[in-house]
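Read through the structure below, which is laid out as structure tokens, and then see the notes.
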Amino acid sequence: MDNALNILISTWIKLFFVLAPFFVLTMFLALTRSFTPQQQRRTAVKVTVAVYVICMCLYFFGDTIFAIFGITLDAFRIGAGALLFLSAVSLVRGPQPAQEPLAEGDISVVPLAIPITVGPATTGALMVMGATVRTPMERVMGSVSLLAAVLTVGGLLYLANPIERMLGRIGISILTKLTGLILAALAAQIIFTGIRNFLG
């Protein structure tokens, strides 16, 4: 039981950081600056639902996609790890203001869910993590961990303004850079695993 709980918590933490929550929070605040508090909360809920649906599809159908395109898991590990590392570098450097898109219409799915929250690097990481799931128990734990991670990110977005007042922009920026460092380590582990299995 303790081992299952440890795996559940470990997977939740990995998925949480893969979603780059503090970068997403920064972009959410920038894109919804002109929204009323009610509009912000409604948008946060829509983003959470969209991200969960997208992540579930990527997490549980990654192996099917590999089979269709004839891609080996280890080759995808190396490619996804490289993308995740580049994403980590961009988080550490910080987003450029000129790259922030203007908020027009409903932005909950595009660009907030895709590609800000679930970008190429996140897509690759989710597919790799999901492809290693084998037993029904692992699938259950993966589903619960993924739901917990997405809900945690959704909670941050729902409380975006109070969090910004509490931490300030500098505090959020620091947390974003720390997330980048953790993602860089996770990316390195994914790449090393792919190379080791490929050469072995």
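Peptides 58-64, 74-80 ranked from most to least packed by the mean count of surrounding Cβ atoms within 10 Å: 74-80, 58-64. Fewest neighbouring Cβ atoms within 10 Å first, the residues LEU73, LEU112 line up as LEU73, LEU112.
Here each label is just a point 7 Å from Cα along the line to Cβ, and for VAL45 and ILE174 those points are 3.4 nm apart.
Compared with the dominant principal axis of the Cα atoms in the chain, helix 73-93 is inclined by about 30°. Using only side-chain charges placed at the Cβ, +1 for Lys and Arg and -1 for Asp and Glu, the dipole size of the chain relative to its Cα centre rounds to 280 debye. Taking the chain as the reference, fit the longest principal axis to its C-alpha atoms, fit the long axis of helix 136-158 to the helix C-alpha atoms, and give the angle between the two in degrees, 0 to 90, nearest 10. The answer is roughly 20 degrees. Each of ILE68, PHE28, MET166 was placed along the dipole of the chain (beta-carbon charges, centred on the mean Cα), and the one lying farthest toward the positive end is MET166. In degrees, nearest 10, range 0 to 90: what is the angle between the Cα axis of helix 37-69 and the longest Cα principal axis of the chain? Approximately 20 degrees, to the nearest 10. Ranked by how many other Cβ atoms sit within 10 Å of their own Cβ, fewest first, the residues MET137, MET56, MET27 fall in the order MET137, MET56, MET27. From the square roots a ≥ b ≥ c of the eigenvalues of the alpha-carbon gyration tensor of the chain, which class results: rounded (a/c under 1.5), prolate (a/b over b/c), or oblate? Since a/c reaches 1.5 and a/b is larger than b/c, the shape of the chain is classed as prolate. Computed FRET efficiency, Cβ-Cβ of LEU147 and ASP2, R0 30 Å: what is it to the nearest 0.05? Plugging the Cβ-Cβ distance into 1/(1 + (r/R0)^6) gives 0.90. Taking Cβ atoms as reference points and 14 Å as the exclusive limit, the residues near LEU73 contribute a net charge of +1, counting Lys and Arg as +1 and Asp and Glu as -1.
Read the figures in this text as sums done on the coordinates, not as results from a lab. The shown structure was predicted, so the numbers you read here are calculated from the model rather than taken from an experiment. Counting neighbours? That spans all protein chains shown, and the Cβs are built from the backbone with ideal geometry, glycine included.
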